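Reading through the structure tokens given below for one structure.
The values are calculated or read from the model by the stated rules, or taken from the named source; none is laboratory data. As the structure is a prediction and not an experimental result, all values here were calculated from the model. Ideal geometry is used to build each Cβ from the backbone, glycine not excepted, and the neighbour counts take in all protein chains shown. Note: areas computed on protein heavy atoms with side chains; ligands, DNA, RNA excluded. Shrake-Rupley method; radii C 1.70, N 1.55, O 1.52, S 1.80 Å.
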Amino acid sequence: MEQLLQQIESYKTEISAFEASTADAVENFRIKWLGTKGLVKAIMGEMKNVPNDRKKEFGQILNDFKLFAETKFQTLSENNSGLPTNDSELIDWSLPGDPVALGTRHPLSIVRNQIVSIFKRLGFAVAEGPEIEDDWHNFGAMNLPEDHPARDMQDTFYINQDPAWLLRTHTSSVQARVMEKQKPPIRVICPGRVYRNETISARAHCFFHQVEGLYIDENVSFADLKQTLYFFVQEMFGKDTKVRFRPSYFPFTEPSAEMDISCLICGGDGCNVCKHTGWVEILGSGMVHPKVLENFGIDPNKYTGFAFGMGVERICQLKYRVNDLRLYSQNDVRFLKQFTGAL
Ligand code: PHE
């Protein structure tokens, strides 16, 4: 009998705690407790198990319980008027939605996408390759045989377990992989992350991002190189931006040139960013070295090509005036959330 008493107590707690915000919920309460198959009726049925000497006592308790449930239902029904029928009517569809905090694209992704889309419009395809490379694709094929002094230009991370493998120092390795598989005409750009063993500071990092380009066909000339890169600069930085080429050296191009643009920060008057020269360097370029073409069975007497490579961080610095390279990889949302809206 103790069990029956406990059961009644727990029902009472449940009933007291019940609240209804819709007419449907009130009706469900009635069905659950007071309906013909309801719990009140079921527990009244327990009377037959009560021993005769306690029937009077339990009859009272059960009647009180029934009354308790009925009173609750009455209160619920009285408060019922004006309640919505069901849950969907509880929603005020005219309220503004909860704002969803949108993420933003990383500035380097924004700038890389801009670079890629400009070259795509000129008919360049996008090629990608592995970040862990072998010596041949990163150096050898690019006319940098072992012991070539120019290897020192790019402080390389070698894989400890097997120094035949390294982290690519430029995405020229991807160009090598394209030439391996594809015959001219070739017109690709290779965006990707590259690694160099540099001490991390505001101006240097152990990894950064490049977009390199390669164009090989019959009769490709230095004039094509200049015009392509000039178009890129005008699209990227605006029509008023001036360019200049300076002779340079890369083992994989001959002749080679570095390209400067007029300083966007001071308009050419001289400032910190351009070190008071009015010009800032943005990329390396040149005509593909005949040796490189031969390495891939491309006849240098029939085909010529140009190649170029730029650092995405550098372009981003000029576009958005980011003056510390470390900001790109610190994941500080105060920095990142400033780059909204673009691509
Ligand atoms: N691979 C060179 C670098 O990483 C860039 C470059 C590419 C220069 C193609 C000339 C031609 O510095």
Work out the charge dipole of the range 221-343 with +1 on the Cβ of Lys and Arg and -1 on the Cβ of Asp and Glu about the Cα centre, then indicate which of Thr304, Tyr320, Leu225 is farthest towards its positive end.
Tyr320
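What shape does the range 225-343 take by its C-alpha gyration tensor, where a ≥ b ≥ c are the square roots of the eigenvalues and a/c under 1.5 counts as rounded, a/b above b/c as prolate, and the rest as oblate?
Taking the square roots of the gyration eigenvalues as a ≥ b ≥ c, the range 225-343 is prolate.
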Measuring with a 1.4 Å probe in the full set of protein chains, what accessible area per residue, in whole Å², belongs to the range 286-334?
49 Å²
In terms of Cα to Cα distance under 17 Å, which lysines are near enough to Lys32, apart from those fewer than 8 places away along the same chain?
Lys12, Lys41, Lys66, Lys72
Obtain the radius of gyration and the Kirkwood radius of the chain from its C-alpha atoms and give Rg over Rh.
1.44
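Grab the DSSP H runs of the chain that are 4 residues or longer, score each as -39,500 (n - 2.57), total them, divide by all residues and round the 222 nm result to the nearest 500 deg cm²/dmol.
On the way: 11 runs with 124 residues, N = 343.
Theoretical 222 nm ellipticity from helices: -11000 deg cm²/dmol.
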For Pro255, net neighbour charge (Lys/Arg +1, Asp/Glu -1) across residues whose Cβ lies under 13 Å away
0
Averaged per residue, what accessible surface does the range 51-92 expose to a 1.4 Å probe, in Å²?
71 Å²
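Provide the FRET efficiency to the nearest 0.05 for the Lys302-Asp155 pair, computing r from the beta carbons and using R0 = 35 Å.
Working: r = 37 Å, r/R0 = 1.05.
So, using R0 = 35 Å, E works out to roughly 0.45.
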Can you pull out the cysteines in the chain that have no other Cys Cβ under 4.7 Å?
Cys190, Cys206, Cys316
How big is the accessible area of Lys319 in square angstrom, nearest 10, if you roll a 1.4 angstrom probe over the protein chains?
80 Å²
Projected label distance in nm at Asp162 and Thr71, using a 7 Å step from Cα toward the beta-carbon
8.4 nm
Given a 1.4 Å probe and every protein chain left where it sits, what share in percent of the accessible area of the chain is carbon and sulfur?
51 percent
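How many Å³ per residue does the convex hull of the Cα positions in the range 2-87 occupy?
84 Å³
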Trypsin sites (Lys or Arg not before Pro) in the range 172-223 lying in a DSSP loop, each with at most 13 other Cβ atoms within 10 Å of its Cβ, come to Arg203
If you line up the long axis of helix 222-237 against the longest principal axis of the chain, both from Cα atoms, how many degrees apart are they, to the nearest 10?
40 degrees
Degrees, to the nearest 10: 172-181 long Cα axis against longest axis of the chain:
90 degrees
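Where in the chain is the longest stretch that carries no GluC sites (Glu not before Pro) classed as loop by DSSP and with at most 10 other Cβ atoms within 10 Å? Display every interim value, and only then the final one.
Values: sites that count: Glu19, Glu146, Glu218.
Counting only loop sites that pass the neighbour cut-off, the longest clear stretch is 20-145.
So with the 1.4 Å probe, I'd like the accessible area per residue for the range 186-235, rounded to whole Å². Don't jump to the answer; show the numbers that get you there.
Numbers: 2220 Å² over 50 residues.
Using a 1.4 Å probe on heavy atoms only, each residue of the range 186-235 averages 44 Å².
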If the limit is 24 Å between Cα atoms, which of Lys120/Lys239; Lys183/Lys291; Lys226/Lys337; Lys242/Lys337; Lys183/Lys302 go over it?
Lys226/Lys337; Lys242/Lys337
Which loop chymotrypsin sites (Phe, Trp or Tyr not before Pro) in the range 83-179, with loop taken from DSSP, have no more than 14 other Cβ atoms within 10 angstrom of their Cβ?
Trp93
Expressed as a whole number of Å, what is the distance separating the alpha-carbon centroids of the range 103-171 and the range 226-291?
20 Å
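Could you compute the FRET efficiency for Asn63 and Asp24, with r as their C-beta to C-beta distance and R0 at 41 Å, rounded to 0.05? Write down the numbers at each step before the final one.
Values: r = 29 Å, r/R0 = 0.71.
Rounded to the nearest 0.05, the efficiency is 0.90.
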To the nearest 10 degrees, the tilt of helix 107-121 (Cα long axis) against the first principal axis of the alpha carbons of the chain is 60 degrees
